[in-house]
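The values are calculated or read from the model by the stated rules, or taken from the named source; none is laboratory data. Because the structure is a prediction, the values reported are computed rather than measured. Counting neighbours? That spans all protein chains shown, and the Cβs are built from the backbone with ideal geometry, glycine included.
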Amino acid sequence: MKYDCLIVDDEELLSENTRDYFNTFGVSTAWVADAKACVDFFRDNQADLILLDINLGGTSGFDLCKQLRETTDIPILFISARTSDSDMLLALNIGGDDYVPKPYSLPVLLAKVKAVLKRYKSEGDAIFVCDKLRVDFEHTAVYVAGVKLTLKAMEYKLLAFLVKNKNRVVTKDEIFREVWEQSITTDNTLNVHVRHLREKIEDNPNEPKYIKTVWGTGYVFEAAES
């Protein structure tokens, strides 16, 4: 399931009211009460933004933010009744994008969330994310589970081409023309590059879930539509 916003807060009434208000105004929102539930949520769901409280029962929102930043760069807005400068600075220094003091105004918070989502989504074409794989086209960088990969120039170019044509079968001739351009290449060269990419981005290169071979034609990069 894909949501615009996930609220992580152990204040049940406030969180439910915020969730319902956001949903009423077209910002699809889910709520969980603690760090474990947040981690579990992201196993089966996605969200474009997180509203994160600092006090989460036995867990600190600061620790959860650090954990989340190992695998995602989506906006994290802290929401907290703690308003000291040291708390605000820590929240921003560990990866928080903003700090919203409680009690907050629902209309003002909604407007802030909508603005962040609009900005984040407008930048979305520069970044592709699918499960553990992240391709940053602006910086020509590829990450798997938050770890930056070392790709040769042609490996990156091939992966970028396949990703930009996701869920569409591309022929070998297309790949030769668009990726290798004027360079003379062979099926064997292409096969080697595909194998190397699979070894770097697939959990099991022998049973790839991203780069699939379409026998006699070419390849397809399979990505779930959000």
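Once the range 213-225 is narrowed to residues that are within 22 Å of the chain's Cα centre (by Cα) and surrounded by 12 or more Cβ atoms within 10 Å (Cβ to Cβ), the residue that is farthest from LYS132 (Cα to Cα) is VAL220. Against the criterion of being in the same structural domain as ASP53 (by TED's automatic domain parsing) and at pLDDT 90 or above, TYR99 qualifies. The number of residues in the range 108-124 being under 30 Å from LYS152 (Cα atoms) and without any contact (Cβ under 8 Å) to a residue 12 or more places away in the chain comes to 3.
A count restricted to the range 65-80 and to residues that are touching a strand residue (DSSP E or B) at 6+ places or on another chain (Cβ under 7 Å) and touching a residue at least 60 places away in the same chain (Cβ under 8 Å) stands at 1. For the range 157-179, the candidate set comprises residues that are within 19 Å of the chain's Cα centre (by Cα) and among the hydrophobic types (A, V, I, L, M, F, W, C); within that set, the residue that is farthest from VAL192 (Cα to Cα) is VAL163.
Check whether at least one residue in the range 35-51 is of a type in the set (Asp, Glu) and farther than 18 Å from TYR3 by Cα, and report yes or no. No: the range 35-51 contains no residue that is of a type in the set (Asp, Glu) and farther than 18 Å from TYR3 by Cα.
For the condition closer than 17 Å to CYS130 by Cα, assigned by TED's automatic domain parsing to the domain that holds PHE62 and crowded, with 20+ Cβ neighbours inside 10 Å, what is the one hit in ALA35, ALA47? Unique residue meeting the criteria: ALA47.
Might you let me know whether the range 155-178 holds any residue that is part of a strand (DSSP E or B), of a type outside the set (A, V, I, L, M, F, W, C), outside the structural domain of LYS66 (by TED's automatic domain parsing) and surrounded by 16 or more Cβ atoms within 10 Å (Cβ to Cβ)? Checked the range 155-178: no residue is part of a strand (DSSP E or B), of a type outside the set (A, V, I, L, M, F, W, C), outside the structural domain of LYS66 (by TED's automatic domain parsing) and surrounded by 16 or more Cβ atoms within 10 Å (Cβ to Cβ). Of all residue pairs spaced 6 or more apart or on separate chains, those with beta-carbon atoms under 7 Å, a first member in the range 84-107 that is under 16 Å from SER15 (Cα atoms) and a second member that is modelled with pLDDT under 90 and not in a strand (DSSP E or B) are PRO101/THR83.
The condition (being under 30 Å from THR150 (Cα atoms) and in a helix (DSSP H, G or I)) is satisfied by just one residue among LEU110, LEU92: LEU92. Checked against (1) at pLDDT 90 or above; (2) out of contact with any strand residue (DSSP E or B) (no Cβ under 7 Å at 6 or more places or on another chain); (3) under 30 Å from LEU64 (Cβ atoms), GLU123 meets all criteria but (1). When restricted to residues that are free of Cβ contacts under 8 Å to residues at least 24 places away in the same chain and under 21 Å from the mean Cα position of the chain (by Cα), the range 139-156 contains 8.
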